[in-house]
Amino acid sequence: MAREDRRVREELVAAGALPLGSYSPAMAAVHRRNNDRMRAILAAHGWPGRTLVGDDGAEAAWLVVQHAVLAPDVQRRGLTLLRRAVRTGEAPAWQLAYLDDRVRMSRGVEQTYGTQFVPGADGRSLPWPIADAAGVDARRRRIGLPPLREHARRIRAEDAKLDWSEPRPRVGISACLLGHEVRWDGGHKRDPGLVAQLGRSVEWVPVCPEVELGLGVPREPIRLEGSRARPRLVGVGSRTDHTAAMVRLARARIAQLEAQGLSGYVLKSRSPTCGLANVAVHGPGGEPVLAGTGVFAGVLTAQLPLLPVEDEVRLAVPAARAGFLARVRAYARWHRENAAGMTRARLASFHEAHAALLREGLHRRLARLVSDRSRPIRVIARAYAAAFMDALRREETRPTSPRSPLRGAGRSSPPRRRRGSSAGRASP
């Protein structure tokens, strides 16, 4: 089982077919077969320790359980049995550390030993959040693991072998955030962190609705007035109502962006055109009395409801950036699959490739859609796309868990085996 796991992974790496951010269907098929066999072994024999199968066999058993991301029951049962095996000397403590961290990550809670890594917004692997991070090296040292910094270097060296050929997704962005001097006063709102962190992973498509409407730079300030549900976009001094013209522009521009393969959008917060939420809506006396949505942003979210959309304030949080990028990449892949012609086999393959992005319950719910044979595939595909993107949004905003762009399928690499040592050599 472990030999096949390693062989398939090495073949995928060599072929450039193991991209970060997704789960290869070929790898998933191996893991599913291994999960069934390991479930039976654990039930019949308990943990396959040194006495029963030798050091190499015990390490192989650990690797199979470590990779059982599609079978949380196997990982949970394996963790219980492995704890007993470590206490009786049947397994090394570092294996327990890796499996415990993997199970914690799949549950959305902090890891203990820093063994699990996930892709950050810029593609570089980062440790999944660690409980008591200041003490992690001491905990690692007690069980024979190298310092976290050394472990991180090895993980990133492995990243270099993986496929980075996936096209960069196209992401719309308020042009002022890139430093374009298009603000009403001739200035900009360049966000260096956003540009640096996400710019290496996406192709920006800058848009300034006010300039494209012909309002010019500099220009009269505009603001939202009236009701929160249907605010008007009004010139502060001239009282010119730009609402209808902006809505027409937005509909046409967004249709154009959709046709160009847009996969996400980053909006300028609190803007009367681009603000996603909490935009001031002014009352009859000119005072801000309500919080609404910018006119362009409202059309964007209505016209493309599944599109990943955030503003720069939320994306200042590293976990939110990573989650947004994961959603953008998944959205781009979905549209590539659709463009190739959606079939039941293609839908099943997409579902397996993204299984690790979702918790077990959400994955099972989507699996029921995939297996539905009572409706046409186009109907099922629409329902799946809506449910899948909604599930990713909910995963990202769970209040009790830091967001992982690869929940349950983090990158990890145990220490190299030293002569006379039981430290593992596998690469889970």
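Summary table below
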item	result
Test for Ala255: is it in the same structural domain as Leu290 (by TED's automatic domain parsing) and under 24 Å from Arg329 (Cα atoms)	yes
Subset of segment 262-290 (residues that are of a type in the set (Gly, Ala, Ser) and farther than 21 Å from Arg393 by Cβ)	Ser271, Ala280, Gly283, Gly285, Gly286
Matching residues in segment 281-327 - criterion: being aliphatic (A, V, I, L, M) and over 20 Å from the mean Cα position of the chain (by Cα)	Val281, Val289, Leu290, Ala291, Val295, Ala297, Val299, Leu300, Ala302
Check on Arg154, surrounded by 13 or more Cβ atoms within 10 Å (Cβ to Cβ), of a type in the set (Lys, Arg) and touching a helix residue (DSSP H, G or I) at 6+ places or on another chain (Cβ under 9 Å)	no
Any pair with Cβ under 6 angstrom, 6 or more apart, that starts in segment 39-63 at a residue that is under 19 Å from Tyr98 (Cα atoms) and ends at one that is part of a helix (DSSP H, G or I) and among the basic types (Lys, Arg)	Leu42/Arg77; Ala58/Arg50
Single unsatisfied condition, Ser269 versus (1) crowded, with 20+ Cβ neighbours inside 10 Å; (2) touching a helix residue (DSSP H, G or I) at 6+ places or on another chain (Cβ under 7 Å); (3) of a type in the set (S, T, N, Q); (4) at pLDDT 95 or above	(2)
Unique residue being modelled with pLDDT under 95 and either assigned by TED's automatic domain parsing to the domain that holds Lys189 or not in a strand (DSSP E or B) (or both) when the list is Val299, Val289	Val289
Elements of type helices (runs of 4 or more DSSP H) contained in segment 45-160, each with 3 or more residues being farther than 30 Å from Ala196 by Cα	50-66, 72-87, 93-107, 136-142
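The values are calculated or read from the model by the stated rules, or taken from the named source; none is laboratory data. Bear in mind that the values here come from a model prediction, so they are computed numbers and not experimental data. Note that we place each Cβ from the backbone using ideal geometry, even for glycine, and neighbour counts take in every protein chain shown.
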